[in-house]
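What follows is a structure written as structure tokens; I'll ask about it next.
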Amino acid sequence: MGLCGSTDGSSLTISGTQQQPSTDPGTDSNWSDGGPGDDTGPGEPSGPSQEAIDLAACMDDSGTTRCAPRPNRPAPPASAPSTPGAPTITISDLARFAPASIRATAEPGNVGIAGMPTNFTAAASTQIQDGELFGVPLRVRFVPAGYDYTYGDGSSATVTTPGQTWEALGQAQFTPTPTSHVYREPGIYSASVDIRYTAQVDLGGGWTDIPGQLTTSGAAQEIRILEARTALVAHTCHENPAGVGC
């Protein structure tokens, strides 16, 4: 900036010039372009920025800043990667983990008498298997829910109990039980029991029920049915070991 003065003897005229860095409104944000709504006119400086106003409000007459600086706001955290959802598992997907087949047994000794109850039992219990499915480790729990007996003589029965021995039930031999069957004719029969299981899976967050049931086919068991004959004798077999039926 330069100053110069002149006088006519009764007054003093002072003039000055100031060089601006640029008068191009496209390169200096402190100059207005005189567009619509701008009444400063071309080449006139625009008003102070909001930052300058805020700074002036924080300073006293001595130029000391009285305001605490604004804290820097932390950058927002990067979004966490989405956790892939657990795979959808159906009861058929669990067939590879199914418990081993169970062989039905009949008492006494897989032998029965025609016309009298033959008592069947199946030693099924809850089974837990560890493995991997769809690349995810898991545990599978199978709980017996039903027993489908096929007796080999064209008869079958569906029950919800595995059956118990006559002794465990407190019953005499050849008396009816929830799982007994009466063969009408002597012969050899192939009996089996298919077991239906409900299933649950644990992917690390606890057991989850899987809809439906999984059936494990039973292995065949040979049952011999004998014909019973009665005879009136005077002595027991202990008294006469050579007697009829001894």
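Pick from Val111, Val159, Val136: which is farther than 30 Å from Gly205 by Cβ and touching a Leu at 6+ places or on another chain (Cβ under 7 Å)? Spell out how you get there, then give the answer.
Working: Val159 fails: touching a Leu at 6+ places or on another chain (Cβ under 7 Å); Val136 fails: farther than 30 Å from Gly205 by Cβ.
That would be Val111, the only listed residue that is farther than 30 Å from Gly205 by Cβ and touching a Leu at 6+ places or on another chain (Cβ under 7 Å).
Now a separate question. Tell me yes or no: at least one residue of the range 200-216 is on the phi < 0 side of the Ramachandran plot, over 19 Å from the mean Cα position of the chain (by Cα) and surrounded by fewer than 17 Cβ atoms within 10 Å (Cβ to Cβ).
Checking the range 200-216: at least one residue is on the phi < 0 side of the Ramachandran plot, over 19 Å from the mean Cα position of the chain (by Cα) and surrounded by fewer than 17 Cβ atoms within 10 Å (Cβ to Cβ).
What are the pairs, 6+ residues apart or on separate chains, where a residue within the range 196-225 that is within 18 Å of Val143 (Cα to Cα) and touching a residue at least 40 places away in the same chain (Cβ under 8 Å) has its Cβ under 8 Å from a residue that is part of a loop (DSSP other than H, G, I, E, B) and among the hydroxyl-bearing types (Ser, Thr, Tyr)?
Ile210/Thr90; Pro211/Thr90; Gly212/Thr90; Thr216/Ser101; Ser217/Ser101; Gly218/Ser101
Ala234 passes all but one of (1) of a type in the set (A, V, I, L, M); (2) loosely packed, with under 11 Cβ neighbours inside 10 Å; (3) in contact with a Lys or Arg (Cβ under 7 Å, 6 or more places away or on another chain); which number fails?
(3)
So, one more: So, of the residues in the range 97-126 that are in a strand (DSSP E or B) and surrounded by fewer than 17 Cβ atoms within 10 Å (Cβ to Cβ), which turns out to be modelled with the lowest pLDDT?
Of the range 97-126, the ones in a strand (DSSP E or B) are 103, 105-107, 111-113, 117-121.
Those still in the list that are surrounded by fewer than 17 Cβ atoms within 10 Å (Cβ to Cβ) too: 103, 111.
On the way: Arg103: 92, Val111: 95.
If we take residues in the range 97-126 being in a strand (DSSP E or B) and surrounded by fewer than 17 Cβ atoms within 10 Å (Cβ to Cβ), then Arg103 is modelled with the lowest pLDDT.
Among Ser156, Ser180, Ser125, which is within 18 Å of Ile225 (Cα to Cα) and in contact (Cβ under 8 Å) with a residue 12 or more places away in the chain? Break it down stepwise before answering.
Values: Ser156 fails: in contact (Cβ under 8 Å) with a residue 12 or more places away in the chain; Ser125 fails: within 18 Å of Ile225 (Cα to Cα).
Unique residue meeting the criteria: Ser180.
Another question, if that's okay. Being touching a residue at least 60 places away in the same chain (Cβ under 8 Å) and more than 10 Å from Asn119 (Cβ to Cβ) is the filter here; which residues of the range 159-177 pass it?
Initial filter on the range 159-177 (touching a residue at least 60 places away in the same chain (Cβ under 8 Å)): 173-174, 177.
Across the range 159-177, there are no qualifying residues.
Does Pro137 satisfy the criteria of being surrounded by fewer than 19 Cβ atoms within 10 Å (Cβ to Cβ) and not in a strand (DSSP E or B)? Full working, then the answer.
Values: surrounded by fewer than 19 Cβ atoms within 10 Å (Cβ to Cβ): yes; not in a strand (DSSP E or B): no.
When the stated conditions are applied, Pro137 does not pass them.
Test Ala228 against the criterion of being touching a strand residue (DSSP E or B) at 6+ places or on another chain (Cβ under 6 Å), under 23 Å from Ala98 (Cβ atoms) and of a type in the set (Gly, Ala, Ser), and give yes or no. So that I can check it myself, show each step before the final result.
Values: touching a strand residue (DSSP E or B) at 6+ places or on another chain (Cβ under 6 Å): yes; under 23 Å from Ala98 (Cβ atoms): no; of a type in the set (Gly, Ala, Ser): yes.
Taking the combined requirement at face value, the residue does not satisfy it.
Of the residues Tyr183, Tyr197, which is surrounded by 17 or more Cβ atoms within 10 Å (Cβ to Cβ) and either at pLDDT below 95 or farther than 23 Å from Gln213 by Cα (or both)? Spell out how you get there, then give the answer.
Working: Tyr197 fails: either at pLDDT below 95 or farther than 23 Å from Gln213 by Cα (or both).
Exactly one residue qualifies, and that residue is Tyr183.
The values are calculated or read from the model by the stated rules, or taken from the named source; none is laboratory data. These numbers were taken from a predicted model, which means no experiment stands behind them. Don't worry about glycine lacking a Cβ; one is built from the backbone with ideal geometry, like all the others, and counts go over all protein chains shown.
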